[in-house]
Each structure stands twice: as C-alpha cells, then as structure tokens.
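Bear in mind these aren't lab numbers, they're just calculated from the coordinates by the rules spelled out. What you are looking at is a predicted structure, and each value in this text was computed from that prediction instead of being measured. Methodologically, a virtual Cβ is constructed for each residue, glycine included, from the backbone with ideal geometry; neighbour enumeration extends over all protein chains shown.
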Amino acid sequence: MAELKLDANAFAPIHQEQEIQSISRPSLSYWQDAWIRLKANRRALISLYLIIGLLIFTFLGPVVWQVDPAQQDVDQISQPPFADRTVTLVTEYEPWYGEGAVAGEGLRFVEDPTTQYIRLVWDELPGAAGGYRVYRNLFPIGPERAYGLPLIETEPGKRFFEDRLDLQPTTYYYSIVALDAAGYETESVETISGDVTRVITPSEARGRGLLAEGENAAVGTQFRLATHPLGTDYLGRDMLARLMHGARVSLFIGFFAPLLFVLIGVIYGSIAGFVGGVGDQVLMRFADFVVALPFLLFMILFKVVFAIGPGESGIMPMLLAMVILLWPATARLVRGQILQIREEGYISASRLLGAKTNYLVLRHMIPNTMGVILVTITFAVPSAIFTEAFLSFIGMGVAPPTPSWGSMCNEGIKTMLTTPHELIFPALFISVTVLAFNLLGDGLRDALDARMRGRE
Amino acid sequence: MGRYAVKRLIQGVITVWFIATATFFAMHAVPGDPLSGDKALTEKIRANLEAKYGLDQPLMTQYAIYLGNIAQGDFGISFTQENREVNDIIREHFPVSATLGILAIVFAGLGGVLWGALTAIYRNRLPDTIIMFLVILGISVPSFVIAALGQLSLVNINEWTGVSILPVGGWGTVWHMIVPSMVLGLGTMAYLTRLMRSSMLEIINSDFVRTAKSKGVPPTQIFTRHQLRNAILPVITVLGPSIATITTGGFVVEIIFAIPGLGRYFVQAVQQLDYTVIMGTTVFYGAFLVFMVILVDLIYGLIDPRVRLE
C-alpha cells in the first residue's frame, strides 16, 4: 500500500464550484413565474384584456349610458343600429271613408305611406264576385305567393282600405286578391310596394317631449328621436342598455357559480383526501352518483323545483342548481391532488418539524392545488355562461323583463329574418366572452400546471 | 371482462335508482301540486282525482309505487294530455331524437377524426391554423346560435337558388335530417378535433411510427394502420359524455328546426309543468345516458387490449 501524503491544502474547498452553484438570477416565486409565462402567451393576454374590457362594459357602462333597459321606445321598434332617426310632423288623424278621387290605375296609394296610416284604393279586378282580401308582407311576393299578413276582406263594391295596424318605417308589400262568389281566392292578384315614412302628430310629439306643452310647429317639421347606438329590440327597448344589464346576469352566474361550487369541491375534496380510508370511499361514492346525474336535465328539474315566485328573476335558483350539480368534479380533482401531495417529501419534512394538520392543509396542500383550482374556475366560467344561455334560451332561465344574453338570443331568434341585429349582438357577446375565457384558461393551464405544459 | 361488465351494469342500475329517487323527491318538493291548476275544483272532484293519480297516499307509499312502476317500465299517464301514457310519448318521439342524435354523433366522430388528423399532419401550417381557428369558434358559439345561423343560411341558399334544395324545418325525409344533424354535431366535432389533434401529435412522434418508417412502410399505410388506429382511442373514450352533450343539445335543435323529437317534448312538458312526463323523460334520459357511457367503456375495453377492465 503506497503511502498517501496529504497536507492541509488538499482539504481547502474549491472555490470555483461554489460559484457554479450560486444563484445567478433572482429567484422567482411560483406566481411570478406563472405571470411571466402568461405574459409571453399573446392569445391569453389579449383574452385577459378582453375580459377586463367586458367587466368595464358591465360595471361602468350603465353609469355612462344611463338608459333604462326596460324603457320602451314605441316610435323605434326593432330598429337596427344607425337607423334613420328623423320623424316628420303631420296633422292629427282624421277618419277616411274612401272619399276623393285618386289619379292612376290599379292598386295605388292615396298618399305617400306614413306610419300614421296607409290608404289604398284599387280598380275592379276580374272575377271579384265575393270581394277582395288585402294582405301586407315584409318581403317581395315570390312565385310561392306568400302574401303575408291578411288584413281585411272587403265587399265587392268597396275598393279602398286604410291600414293603421302597427305600422313601422320599413318597406311594405301590399297585395289584393279577388275572391270568388264562394269566398275562395282566385288567380287575379295585384301587388304594390311602398316605403313608409315615420311621422308623428303634434299631440304625440307633446307626449314624447319633442314639443313643449302649448308649443306649435309647422307640419313637415323634422325631429330627431332618441339615439340607440345598437338599435332596439321588438319592444323598442335599447339594445345597448339591455346588453349591459344582461352582462350583469350572465357574468354574475358565470363568476359566482364556479366560485361557489369550486369552493365546496375544494372543501369536500380535501376532507376526503385527508381523511382517507372508509370515509374517503363513502364521500367519493356519493360524489360519483352526483356526477352521474345528467347535468342539463337536472338543471331544468331543479329550476322547476326552486320554482320562481312572481317578481323574481330566477337567477338564484339557477345558481343554486348549478352549485348542487357541479361540485363533485372539483372535489375529485382536489382529492386526487391532495392524495398526491400527501406523499411528497416536504410534507413529511414539515410533519417532522412538528407541523399540525391544519397548518399542513392550509400552508402546503391548498396553496399547491391553487394552480389546478384556478384553471378549473377559468374553464368553468364559459360553461356556466353557456348553461345560463341555454336555459334562458329554452325559457327555463332568467325570467323577463330581466335581460340576460341567453334570453335576448331567445327573443332575437324569432325575428332573425327581418331584424338580425337582435340575435347577432347578444350571440356575439356570449361567443366573445366564452372564447376569451377558453383562451385564457388554455394560457393559465400552460402557465400554472407544469405537468400539462406543452400539451395541446 | 364478463365480471367487469356485470359490475358496471349493477353500478348503472344503482345510478338509475339514484336518478329516479332524486327526480321523485325533487318533483314532490315543488310548491303547489299538479291539480291546483286553472280550474277550481270542488272537494269531491279533487279527492277523486287525487285517488285516481294516487296522490292521497303517504309519500313513501307513493315512492314505492313509483319505483315499482319504473321497474316494470311504466312511467304513468300524462297530466296535461288526456289518456296519454308517458310510454307512448317516449315510444313515439324518442326514435326521432335518436335518429337525429346518431347522425350527429357519426358526423361529429368522422369529422373530428378527419380534421384532427389533418391538423396534426399539417402542424403549424396553414390548414392547421385555419381548422383550429374554426374549432375555437365552434367551441365558443352556443349551439342555438349555430342552429339559428344554419337555418338562416338555408333560407338564404334556397332564396338565392330559387328552389328549396333542403327544407328549412320539419321532419320526415332524409333531406330534413342533414342540416339539423350537422348543426347538432358541430360543437362536439370541434371538441373531438382538438382531442384528436393532440393524441395524433403524440402518436406521430412515437417509436413505433419511426420504426415503421425506417422499415419502409408506405406513408398512407403508416397513416391508416399505425397513426389513425392508435390516435382514435382517446376520442372513443369521450364519445360517452359526448352522447350526453348531443342529447341535451338536441332540445335546442329540435325546437329551432321544428323536429317532433322527445327533447322538444320534454321542454314543452317542463313549460306546462306536466309532472309525470317530466319525471318519466328525466328518468328515461338518465337511464339512457348512464347505460350509453357504460356501453362506450365496454367497447373501449374490447378495442384497446391494453386496457385491463377490472
């Protein structure tokens, strides 16, 4: 055995190695790291700004745009955005019994059509033994001969008609169909179209506040009606105001339902995960049954059960039903996480240092599941908004007159052929909100959940 | 396998019992009762009606009768429609919903697998970008908006061409089924496309694909035999939950396209508070969905030998 000669210098620490192991960059906490990752994700960042913008729209919007969402503007019903808002003053209404000759032939207007009245006269049609039927339509009469709304049947000799039924400033297509002696429609038809001008009488103008009491203005004076930036709905309510107030309902449910059921899920799941054994088995079996309930069916059922009393909007029953049905998914997730974390080395170390159970749960377990929980909430928001919209759409959601995006879609869909803006705006808001939360959720998952990172 | 199937079936039956019980007690917690309707009833008539529908019995007796009837497949008589059995309603309207749903699932499944595989192959290139953009739209737009837009575009196409190529609503011929089932399947298709893409991306980089390539297997054969077959597996697992999505999505599509399916009937029954129909259809749908999920799980075990069904 060769003798090894060592002096004290051989035991001096090597300085280089220390430098290699020193921390050259500032240490980042989990949340700082996540924020940096999120900032690098452009789609998620844009979504975040969109959501902030939406919150501003919802909460500051009504302060800026102080229009009552239930206020009906009867002069502007189903008006698209940027519609003509002028209204012309005419004389008060006077009854008309077809008197006065009108130049021209065939079906013709007595005067230019206005929203006050539309007066029609026509010449005799061949084969009109049983009189005439007058129709009004919003569309040109095609080969399928859909004439639209039947207005009246007249005697054979009576060849004039005055239409005052719910006139709107649009284009109307009138048809008269000759009826045979038995009252059946014949082939002889005449059609005319006319653009209707919006008019107002002095008494109506005073009622709307366009004219002061006792003030008079010349016939033909033009006024401008109230502005509706996004148009009005079928009852003449301001779309912008309704969208802002509807956003409150949709976002309220979108935020609070996930927050509540995730909270319950976290408590339930961490109890199950921490107790373990038989208690865990029993708790999770029950959660399994709740998961197996068909979600939307039971949402509808619970909405019926927590029946809404008169004057209630139905938001609370919906929230309650969502919380009752949706907590188990989070509970399962959190339980799985807790079971995993329980085996980690730092838990044993902490226990060794004398940490109590409460401390372990609050200090180690729940903070370490926060990332997963946050991602769950972000993905739960769009699905809650979807659920609200779905239920309101089938008439089981928010009760009128409270606006919500879903119920606005429900109302808008009925008139989507003539006034598509009533459907498009709320649908757009739902879609953009859901899109923003989905993209933000993707970004958060990438940023917070190291195991899911890189997956798509 | 056999033992697993029996175990799952027993679990399924217990779940259906849970659903039936939850439905029963939920409906009995509704304030008011089905007889306090529009017509004022005298004491005598009321008592007779209660006896007829068994409402004069104690709650637990009613529950026992209800469970007994369900076990025999009898869901009772409609409250709002004279002499109409819930079973008749289901028998008449469910085949329509089922046809629509099956078409939608087929459409969603085929489309999802195809688009997903395409995006994975063309990863980060133009086709991928375009399809994934459409997928995100499909996930974000509510089903009723898609249905409404589908109908609106049908109207426009018919108007533009001057002939009714496809009917705008109703039910009866194959032509009536095309657009509603596509609209119904669209959301699920978007979801499946996403799933297929990520599973395909994993497969593309796997060892056995590289081995096949180095052995000189033709690319089309690698695609069909090695990549597609393996990548499809995760898609099949979510088919069960997808059936639930499509079933409830059917409610909306049936309403918009005026299709006489069970979903539309269910929504009507809820709006009219037809208690027996609500309970019957809920339990029926619940049982249907539970057993569909079990079926899909069993099929998955048959297809993928790696999954040990225990």
Q. When N counts the residues of the stretch A:284-365, how does its alpha-carbon radius of gyration compare numerically with 2.2 N^0.38 Å, as a ratio?
A. 1.64
Q: Give the cross-link partners of B:LYS52 among the lysines, using a straight C-alpha distance below 16 Å as the criterion and excluding same-chain residues fewer than 8 apart.
A: B:LYS44
Q: DSSP loop (so not H, G, I, E, B), at most 14 other Cβ within 10 Å: list which chymotrypsin sites (Phe, Trp or Tyr not before Pro) in the stretch A:214-313 pass both filters.
A: A:TYR234
Q: Would you be so kind as to identify which of A:GLY443, A:LEU240, A:PRO80 lies farthest towards the positive end of the dipole of chain A, taking Lys and Arg as +1 and Asp and Glu as -1 on Cβ and the Cα centre as origin?
A: A:GLY443
Q: Specify the residue with the greatest mean-square fluctuation among B:PHE208, B:PHE79, B:PHE18, computed from a Gaussian network of chain B linking alpha-carbon atoms under 10 Å apart.
A: B:PHE208
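Using DSSP to define loop residues, name the GluC sites (Glu not before Pro) in the stretch A:178-283 whose beta-carbon has at most 12 other beta-carbon atoms within 10 Å.
Answer in residue order: A:GLU213, A:GLU215.
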Q | Rh by Kirkwood over Cα pairs, then Stokes-Einstein D for the stretch A:1-128 at 1.567 mPa s and 4 °C, µm²/s | A | 50 µm²/s
Q: Could you tell me the largest-minus-smallest coordinate of the C-alpha atoms of chain B on each of the three principal axes, in descending order and whole angstroms?
A: 86, 60, 30
Q. What distance in nm separates the simple spin-label points at B:ILE102 and B:LEU302, each placed 7 Å from Cα in the Cβ direction?
A. 1.6 nm
Q. If you count, for every residue in A:287-296, the Cβ atoms of partner chains within 10 Å of its Cβ, what is the mean?
A. 6
Q) Within 10 Å of each Cβ of B:15-26, how many other protein chain Cβ atoms are there on average? A) 3
**Q.** Size of the stretch A:89-200 as Cα extents on the principal axes (Å, biggest first)
**A.** 44, 31, 23
Q: Measure nothing fancy, just the Cα-based angle from helix A:42-59's long axis to the longest principal axis of chain A, in degrees from 0 to 90, nearest 10.
A: 60 degrees
Q) What residue among B:GLY73, B:GLY170, B:GLY138 shows peak mean-square fluctuation when chain B is described by a Gaussian network model with Cα springs under 10 Å? A) B:GLY73
Q) Among B:PRO218, B:VAL238, B:ILE89, whose Cα sits farthest toward the positive end of the charge dipole of chain B (+1 at Cβ of Lys/Arg, -1 at Cβ of Asp/Glu, about the Cα centre)? A) B:PRO218
Q) Charges only on Cβ, +1 for Lys and Arg, -1 for Asp and Glu: so what's the dipole of the protein assembly as shown about the Cα centre, in debye to the nearest 20? A) 3940 debye
Q: Note down the Stokes-Einstein diffusion coefficient of the protein assembly as shown in µm²/s, whole number, using a Kirkwood radius over alpha carbon pairs, 25 °C, and 0.890 mPa s.
A: 79 µm²/s
Q: Just order B:173-179, B:59-65, B:189-195, A:130-136 by mean Cβ neighbour count inside 10 Å, highest at the front, would you?
A: B:189-195, A:130-136, B:173-179, B:59-65
Q | Nearest 10 degrees, 0 to 90: helix B:143-161 Cα axis against chain B principal axis | A | 70 degrees
(Q) Of the candidates B:GLY150, B:GLY54, B:GLY112, which one comes out as most mobile in a Gaussian network treatment of chain B with C-alpha springs shorter than 10 Å? (A) B:GLY54
**Q.** Range of Cα positions in chain A per principal axis (Å), largest first
**A.** 137, 49, 47
Q) Once you sort the root eigenvalues of the Cα gyration tensor of the stretch A:140-276 as a ≥ b ≥ c, which label holds: rounded (a/c under 1.5), prolate (a/b larger than b/c) or oblate (the other case)? A) oblate
Q) When the dipole is taken about the Cα centre of the stretch A:1-115, and only Lys, Arg (+1) and Asp, Glu (-1) are charged at their Cβ, what size is it in debye, to the nearest 20? A) 1080 debye
Q: Could you pull out every one of the lysines with an alpha carbon less than 19 Å from that of A:LYS158, ignoring same-chain neighbours closer than 8 positions?
A: none
**Q.** Per-residue [θ]222 nm for the protein assembly as shown (sum of -39500 (n - 2.57) over DSSP H runs n ≥ 4, rounded to 500)
**A.** -19500 deg cm²/dmol
Q. What dipole magnitude, in Debye to the nearest 20, does chain A give about its Cα centre under +1 on Lys/Arg Cβ and -1 on Asp/Glu Cβ?
A. 2660 debye
Q | Between 0 and 90°, nearest 10: helix A:421-448 axis offset from chain A longest Cα axis | A | 10 degrees
**Q.** Positive-end residue of A:PRO403, B:THR80, A:ASN368, charge dipole of the protein assembly as shown with Cβ unit charges
**A.** A:ASN368
Q. Aspartates and glutamates within cross-link reach of B:LYS215: Cα-Cα under 16 Å, excluding same-chain residues under 8 positions apart?
A. B:ASP207
Q. Label 7 Å along Cα→Cβ of A:VAL219; the stretch A:190-208 residues with amide nitrogen under 15 Å?
A. A:199-203
